[in-house]
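Visitor: Dropping the structure in here first, questions after.
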Amino acid sequence: MGNMIKTIDVTDSLTNLKDACDLENGRISGKIFYDKTIYEQELEKVFARCWLFVAHESQIPKTGDYITTTMGEDEVIVIRQKSGGIKVFLNACPHRGNKVCFAESGSTRGFICNYHGWSFNVEGNLVGQHESGVYEDSDFDKSQWGLKEVAKVDSWKGLVFATFDPESPSLQEYLGPMTWYLDALFDNQEGGTEFVGGCIRSTYECNWKIAAENFVGDILHAGWTHDSAARAMLGGAVAKVSDFEESYSVNWNGHGYEFALDTVGNVAVLGESALNKYLHTIKPSVAERLGDFRSNMIGSVSSCTIFPNFSFLPGQNTVRVWQPRGPNKIELFTWVVVNKSAPEEVKEKWRKGAMMTFSPTGVFEMDDGENWEYCTKTARGRVTSQQDLFVGLGMDTLLTDTPLPANVYEGQLNEANSRAFYQYWFDMLNAKSWSEVPDRNLGKKEAE
Amino acid sequence: MEVIEKVLLCKVSDLAENQVKKIENAEYGDIAVYNLGGQYYATADLCTHATASLAEGDIEDDLITCPVHWGQFHIPTGKAQGFPCEIDLQTYPVEVEGDEIFALIAVDQALIAKG
Amino acid sequence: MTALYDELRPVSAEQHYRVSHFLNYEYRLLDDERFDDWLALMHEEVHYWMPGIENRRRENRLEHGFYAADHMAYFDDSLRDLGRRVARFQQPSAWAENPATRNVHQLTNVEVYYGETDGEYIVHSTFQSVRSRGLDEEYVIYGRREDLIVQDGDSFKIKKRLILIPNATLTCKNINTFL
């Protein structure tokens with residue numbers, strides 16, 4: 001069947017979004033990757049509304065330890081409190097709006113704005129200004145002018161999320177049964193996980209959704225896109241995913257996790273036998289902790305995106321956020337996650353292994369970047385942007401009699417997670433508030 | 001001739017170890033009183049750099065950190081220790097009588113005559 | 001590797017020429033995609049390191065100021081690792097290398113000093129790497145380098161390379177070359 005070209009009125013992007021996102025028929029249009037109006041709506045209805053990953057607890061262990069990041073395009077400071085909790089503030093002075101923290105991480109007693117010397121403590125309270133007397137003369141109420149806090153902050157197994165929307169559901173409800181799967185990487189050993197120091201940032205000229213969708217459920221690309229890297233690292237082709245006897249695509253609220261049960265398929269591409277060995281060594285204790293099923297997922301061929309833009313690969317242990325910077329640009333923030341209890345030499349091999357494979361110099365990531373950029377760039381074309389794009393693999397593969405939680409689909413080579421991702425995205429853009437977001441989940445909320 | 005005025009600061013029982021307390025004093029300026037491991041000290045409460053109450057700052061060993069710009073002063077001597085503080089802090093000798101802590105403030109005779 | 005200028009002993013003009021020539025030759029091999037020849041210039045114990053750059057306040061400096069050995073890096077490679085990177089470039093299925101990336105590597109500000117042992121040289125330099133792909137993509141990376149090279153017959157081998165870029169965020173999607 002040929003590609004039908006529909007006429008979409010681009011002057012009213014949102015009214016016609018339905019035409020650009022026909023998921024019941026497994027179709028989207030390239031226009032959702034290049035349209036400025038859609039992007040503006042995303043900043044408001046996706047990024048200013050959803051729970052967004054902001055830090056790992058291990059990055060800020062002590063009072064005053066902070067990192068800066070962004071939630072959508074909003075710059076924020078994530079800082080450990082005396083109480084042990086974590087606060088997230090806008091990184092903008094409430095006087096003239098200047099950025100108050102220019103460093104990406106560190107430890108501090110507070111933040112002093114470079115412009116007029118407004119000084120904020122770790123709790124975000126305004127504690128003083130240069131020439132403070134003149135404020136007192138103007139009956140200035142210091143207590144009203146602290147750093148602006150986000151609506152909610154919460155964490156799951158070390159992963160810290162924040163949301164700007166006070167009406168958002170709880171983090172637990174937002175993640176839903178995906179937490180059961182997250183634990184396969186983030187809670188498979190006593191003590192949980194930690195991030196390796198540092199953060200590698202790079203810039204892609206691509207739409208954020210293309211990258212997020214790649215991790216939500218596109219293992220299909222790996223065997224083809226990454227052939228060269230697999231041959232370089234392993235001396236042979238990527239494992240043939242269609243040969244796996246058992247694999248799944250699971251999703252919930254637009255989050256998605258696709259996985260096989262081969263334990264070490266992902267970790268193997270790092271080409272470090274010590275890491276395969278480590279996973280095999282811990283596997284019995286993971287089985288005891290999480291059950292046999294999830295002990296097969298600790299480094300298997302798999303990937304995950306938590307909607308909208310937090311992704312990771314178990315095994316390669318790369319963790320990333322696709323930070324939106326306009327409809328056709330992202331900044332990619334990447335970290336490496338390891339088990340806290342892992343031997344130092346194992347952590348070190350993961351630090352290097354993630355770099356060798358999935359980083360700006362990584363042999364796998366090399367071939368992703370160009371694909372994602374040109375999936376975006378072709379949509380510059382007025383006519384090209386309106387062509388139908390196929391996301392119709394595995395339309396009728398929902399498993400209704402599985403003990404597994406979430407919406408479970410048979411097989412990894414399946415675009416069910418991609419469709420669920422775009423459906424949730426579509427629903428968010430169409431909803432005026434959280435109460436209008438339809439619940440399309442079909443599966444179990446808990447494992448049986 | 002110098003006259004020493006004895007100014008009541010607070011009760012010993014009101015100042016736990018490694019705590020600082022601000023005592024308002026309209027005449028000589030507010031006073032910060034410290035308990036460093038059972039040893040008591042008194043300094044001016046107003047930071048010499050900007051308008052800030054040192055009693056709202058944190059004690060680290062024998063240093064008080066200004067809460068506004070995080071400059072530090074050595075509590076026993078009042079010496080300015082860290083950027084951006086450059087001017088030393090006024091200190092006062094302290095006397096403990098029973099349960100009460102006093103600062104001994106040297107008052108200029110001329111000032112008294114004027115007052 | 002870093003030492004103060006007055007603690008270092010500059011080599012003769014002739015030796016400076018030999019070392020500079022070697023490093024220029026090395027860069028031309030990269031521009032010509034002669035990866036096997038390039039790899040042959042690496043010492044078997046080579047440490048090829050390009051740490052991630054972290055934008056920290058002066059009072060929160062890391063082990064080396066704005067980078068640290070145990071933090072994330074772009075390269076932190078042994079000879080085996082470099083060989084794997086080269087192997088990927090050479091696969092016919094390296095899709096993002098066909099059409100080829102066109103490279104121009106430049107080396108400037110070369111200072112050559114005697115190393116701690118005979119036949120070892122410490123080289124400080126700055127570089128510029130320009131890459132172009134497709135019809136209109138252009139990526140420029142500037143940086144500073146510290147190399148430790150060792151005499152190997154009439155030529156040299158690269159034993160240590162430290163690559164420092166000023167950027168805390170890479171302004172492009174990848175580094176599909178060596179620096």
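The values are calculated or read from the model by the stated rules, or taken from the named source; none is laboratory data. Because the structure is predicted, anything quoted here is derived from the model rather than measured. Neighbour counts are summed over all protein chains in view; Cβ atoms, including those assigned to glycine, are modelled from backbone coordinates with ideal geometry.
Visitor: Determine which member of the set A:Val78, A:Val134 is aliphatic (A, V, I, L, M) and modelled with pLDDT under 95.
Guide: Details: A:Val78 fails: modelled with pLDDT under 95.
Checking each option against the conditions leaves just A:Val134.
Visitor: Which ones in region C:51-71 are surrounded by 22 or more Cβ atoms within 10 Å (Cβ to Cβ) and either assigned to a strand (DSSP E or B) or away from chain A (no Cβ under 11 Å) (or both)?
Guide: Listed by number, the list holds a single entry, C:Pro51.
Visitor: Which one of C:Tyr48, C:Tyr27, C:Tyr74 is within 13 Å of another protein chain (Cβ to nearest Cβ), more than 30 Å from A:Cys101 (Cβ to Cβ) and touching a strand residue (DSSP E or B) at 6+ places or on another chain (Cβ under 9 Å)?
Guide: C:Tyr48
Visitor: May I ask you to say which residue of C:Ile122, C:Ile165 is of a type outside the set (S, T, N, Q), touching a residue at least 12 places away in the same chain (Cβ under 8 Å), touching a strand residue (DSSP E or B) at 6+ places or on another chain (Cβ under 8 Å) and within 14 Å of chain A (Cβ to nearest Cβ)?
Guide: Within the list C:Ile122, C:Ile165, the selection yields C:Ile165.
Visitor: Give the residue, chosen from B:Val68, B:Val33, that is touching a residue at least 12 places away in the same chain (Cβ under 8 Å), surrounded by 15 or more Cβ atoms within 10 Å (Cβ to Cβ) and under 20 Å from A:Ser119 (Cα atoms).
Guide: When all the criteria are applied, what remains is B:Val68.
Visitor: Please specify each residue of region A:352-366 satisfying the condition of being over 18 Å from the mean Cα position of the chain (by Cα), modelled with pLDDT of 95 or more and either assigned to a loop (DSSP other than H, G, I, E, B) or within 7 Å of chain C (Cβ to nearest Cβ) (or both). Show your work before the answer.
Guide: From region A:352-366, those over 18 Å from the mean Cα position of the chain (by Cα) are A:352-353, A:355-357, A:361-364, A:366; that's our starting set.
Subset that is modelled with pLDDT of 95 or more: A:352-353, A:355-357, A:361-364.
If the condition is that a residue be over 18 Å from the mean Cα position of the chain (by Cα), modelled with pLDDT of 95 or more and either assigned to a loop (DSSP other than H, G, I, E, B) or within 7 Å of chain C (Cβ to nearest Cβ) (or both), then A:Lys352, A:Met355, A:Met356, A:Thr361, A:Gly362, A:Val363, A:Phe364 are the ones that fit.
Visitor: List the strands (runs of 3 or more DSSP E) inside region B:15-115, counting only whole elements, that have at least 1 residues being at negative phi and aromatic (Phe, Trp, Tyr).
Guide: Working: elements: B:19-23, B:31-36, B:39-44, B:58-60, B:63-65, B:72-74, B:94-97, B:100-108.
The strands (runs of 3 or more DSSP E) meeting that bar are B:31-36, B:39-44, B:72-74, B:100-108.
Visitor: Going by the conditions given, is A:Ser341 hydroxyl-bearing (Ser, Thr, Tyr), modelled with pLDDT of 95 or more and in a loop (DSSP other than H, G, I, E, B)?
Guide: Here the answer is yes, as A:Ser341 does meet what is asked.
Visitor: If you don't mind, there's one more thing I want to ask. Touching a residue at least 60 places away in the same chain (Cβ under 8 Å), under 16 Å from B:Asn25 (Cα atoms) and in contact with a Cys (Cβ under 9 Å, 6 or more places away or on another chain): which single residue out of B:Ile101, B:Ile105 fits that description?
Guide: The unique qualifying residue is B:Ile101.
Visitor: So which of B:Asp62, B:Asp58 ends up being charged (D, E, K, R), within 13 Å of another protein chain (Cβ to nearest Cβ) and surrounded by fewer than 19 Cβ atoms within 10 Å (Cβ to Cβ)?
Guide: B:Asp58
Visitor: For region A:367-400, which residues satisfy the criterion of being closer than 27 Å to A:Phe186 by Cα and either out of contact with any strand residue (DSSP E or B) (no Cβ under 8 Å at 6 or more places or on another chain) or not in a helix (DSSP H, G or I) (or both)?
Guide: Within region A:367-400, A:Asp368, A:Leu398, A:Leu399 meet the criteria.
Visitor: Which one of A:Val269, A:Val264 is over 30 Å from A:Phe426 (Cα atoms) and not in a helix (DSSP H, G or I)?
Guide: On inspection, the qualifying residue turns out to be A:Val264.
Visitor: What is the one condition in (1) within 22 Å of A:Lys36 (Cβ to Cβ); (2) surrounded by fewer than 21 Cβ atoms within 10 Å (Cβ to Cβ); (3) of a type outside the set (Phe, Trp, Tyr) that A:Pro343 does not satisfy?
Guide: For A:Pro343, the failing item is (1).
Visitor: With A:Val134, A:Val122, A:Val54 as the choices, which residue is within 14 Å of chain B (Cβ to nearest Cβ) and either surrounded by 16 or more Cβ atoms within 10 Å (Cβ to Cβ) or under 25 Å from the mean Cα position of the chain (by Cα) (or both)?
Guide: Going through A:Val134, A:Val122, A:Val54 in turn, just one is within 14 Å of chain B (Cβ to nearest Cβ) and either surrounded by 16 or more Cβ atoms within 10 Å (Cβ to Cβ) or under 25 Å from the mean Cα position of the chain (by Cα) (or both): A:Val122.
Visitor: Let me ask something else. Can you tell me which of (1) more than 13 Å from chain C (Cβ to nearest Cβ); (2) more than 29 Å from A:Ala48 (Cα to Cα); (3) hydroxyl-bearing (Ser, Thr, Tyr) is the one A:Ser170 doesn't meet?
Guide: (2)
Visitor: Could you list all residues from region A:161-191 that are under 13 Å from A:Phe310 (Cβ atoms) and touching a helix residue (DSSP H, G or I) at 6+ places or on another chain (Cβ under 6 Å)?
Guide: A:Phe161
Visitor: Now, a different point. Regarding region A:138-157, can at least one residue be identified that is free of Cβ contacts under 8 Å to residues at least 12 places away in the same chain, out of contact with any strand residue (DSSP E or B) (no Cβ under 7 Å at 6 or more places or on another chain) and within 14 Å of chain B (Cβ to nearest Cβ)? Spell out how you get there, then give the answer.
Guide: Within region A:138-157, the subset free of Cβ contacts under 8 Å to residues at least 12 places away in the same chain is A:138-141, A:144.
Pick out the ones that are also out of contact with any strand residue (DSSP E or B) (no Cβ under 7 Å at 6 or more places or on another chain) and you get A:138-141, A:144.
Narrowing the set further to residues that are within 14 Å of chain B (Cβ to nearest Cβ) leaves A:140.
Yes, there is a match, as at least one residue in region A:138-157 is free of Cβ contacts under 8 Å to residues at least 12 places away in the same chain, out of contact with any strand residue (DSSP E or B) (no Cβ under 7 Å at 6 or more places or on another chain) and within 14 Å of chain B (Cβ to nearest Cβ).
Visitor: While we're on this one: Within region A:228-245, how many residues are in a helix (DSSP H, G or I), at the interface with another protein chain (Cβ under 9 Å from one of its Cβ atoms) and more than 25 Å from the chain's Cα centre (by Cα)?
Guide: 4
Visitor: Let me ask you something else. Find the residue count for region A:187-221, including only residues that are in a helix (DSSP H, G or I), among the aliphatic types (A, V, I, L, M), under 19 Å from the mean Cα position of the chain (by Cα) and away from chain C (no Cβ under 11 Å).
Guide: Residues that pass the stated criteria total 3.
Visitor: I'd like to verify a number: residues in region C:79-106 that are aliphatic (A, V, I, L, M), surrounded by 17 or more Cβ atoms within 10 Å (Cβ to Cβ) and either in contact with a Pro (Cβ under 9 Å, 6 or more places away or on another chain) or more than 10 Å from every other protein chain (Cβ to nearest Cβ) (or both), how many?
Guide: So the count comes out to 1.
Visitor: What residue, of B:Glu60, B:Glu97, is more than 23 Å from B:Val7 (Cα to Cα) and either charged (D, E, K, R) or modelled with pLDDT of 95 or more (or both)?
Guide: Only one candidate qualifies: B:Glu60.
Visitor: So for region A:94-109 (the condition being of a type in the set (D, E, K, R), away from chain C (no Cβ under 14 Å) and either buried (at least 20 other Cβ atoms within 10 Å of the Cβ) or out of contact with any Leu (no Cβ under 6 Å at 6 or more places or on another chain) (or both)), does at least one residue qualify?
Guide: Yes, some residue in region A:94-109 is of a type in the set (D, E, K, R), away from chain C (no Cβ under 14 Å) and either buried (at least 20 other Cβ atoms within 10 Å of the Cβ) or out of contact with any Leu (no Cβ under 6 Å at 6 or more places or on another chain) (or both).
Visitor: Quickly run through region C:128-151 and pick out the residues that are within 12 Å of chain A (Cβ to nearest Cβ) and hydroxyl-bearing (Ser, Thr, Tyr).
Guide: C:Tyr139, the sole residue that qualifies.
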